[in-house]
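Reading through the structure tokens given below for one structure.
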Amino acid sequence: MGRTGNRSAAPNLEKPKCSLKTVVERLARVYAPSQGLTDPLALIVWENIGYLIDDGRRTALLEEFRDRIGLEAAKIATAPNAILSDIARRGGINALARSERLRRIGEIAVAECEGDLSSHLRMLPVPKARALLKKFPAIGDPGADKILLLSGIAPLPTVDSNGLRTMVRLGYCLEENSYGQTYKSAAAVLGLAGQSDSDWLARAYGLLREHGKALCKRAAPVCEPCPLDHICAHRITPKL
Ligand code: SF4
């Protein structure tokens with residue numbers, strides 16, 4: 001019988017079978033996530049440019065946004081409605097709200113830091129940088145941590161929903177009552193393992209995300225080819 005089961009990310013009471021560093025090394029043998037974006041404003045536009053679309057489509061829309069509008073705050077704030085709507089329309093449902101959010105990104109960056117978000121964030125203490133990022137649409141704690149880490153501003157431990165699911169299944173944290181609580185638990189575990197090493201934390205972020213998307217999928221993880229199957233604490237329920 002194949003080991004592709006219908007395993008959820010339900011609370012897992014077993015202890016992890018190896019260190020998180022080992023997990024990341026094993027994933028690095030399989031995946032090679034691209035370096036990706038490092039500019040905070042571009043990362044915020046990336047978050048907002050589509051809803052439930054894959055990375056390929058998101059990247060294509062961001063490239064189009066860069067070509068037709070630009071990724072500078074003032075250009076975003078004054079972009080023609082027709083162009084914003086045209087791009088937003090191809091990013092999934094709620095296009096009107098999304099085009100308003102995209103413009104808002106430029107307006108906030110102009111109002112808060114005269115458009116130079118990256119330099120401004122670098123001058124702020126981390127809690128204030130985090131608070132500033134959370135003023136932007138669709139940026140909560142995980143998004144702010146990710147932007148600060150990937151832009152090289154602060155070595156904050158962070159994980160996206162795909163990586164978080166994998167961490168729960170492997171037993172590095174429990175699934176708590178809310179996403180935010182589960183995220184905090186996972187970030188604490190990553191922080192202990194990463195010890196403020198921003199390169200490792202960024203690598204862990206990218207690899208866990210890649211694994212969650214490729215194999216450790218939400219509804220039906222594909223466990224047979226998984227490089228972590230022999231150490232995964234998740235129970236397999238045999239099919240009868
Ligand atoms: S980590 Fe691997 S073995 Fe464990 S549930 Fe995810 S895909 Fe399956």
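All of the numbers you see were taken from the coordinates with simple rules; none came from a lab. Note that the structure is a prediction, hence the values are computed from the model and not measured. Every residue, glycine among them, receives a Cβ derived from its backbone with ideal geometry; neighbour counts consider all protein chains shown.
Computed over the chain with a Gaussian network model linking Cα atoms closer than 10 Å, the most mobile of PRO40, PRO157, PRO225 is PRO225.
Taking square-rooted eigenvalues a ≥ b ≥ c of the alpha carbon gyration tensor, is segment 156-218 rounded, prolate or oblate, where a/c under 1.5 means rounded and, failing that, a/b exceeding b/c means prolate? Write out the running numbers ahead of the final one.
On the way: a/c = 2.03, a/b = 1.15, b/c = 1.76.
Since a/c reaches 1.5 but b/c is at least a/b, the shape of segment 156-218 is classed as oblate.
The charge dipole of the chain, taken about the Cα centre with unit charges on the Cβ atoms of Lys, Arg (+1) and Asp, Glu (-1), comes to about 760 debye, rounded to the nearest 20. Rounded to the nearest 10 degrees, the inclination of helix 179-194 to the longest alpha-carbon principal axis of the chain is 80 degrees. Considering only alpha-carbon pairs that sit under 8 angstrom and 6 or more positions apart, the relative contact order computed for segment 40-150 is 30 percent. Take the chain, connect every pair of alpha-carbon atoms lying under 10 Å apart with a spring to form a Gaussian network, then pick out the residue of ILE147, ILE69, ILE93 with the largest mean-square fluctuation. In this elastic network of the chain, the residue with the biggest mean-square fluctuation among ILE147, ILE69, ILE93 is ILE93. Amide H to amide H, with H built 1.01 Å from N, VAL222 comes under 5 Å of CYS216, LYS217, counting only residues 5 or more places away or on other chains. With the cut-off at 1.5 for a/c, could you classify the chain from its C-alpha gyration tensor as rounded, prolate or oblate? In terms of gyration-tensor shape, prolate.
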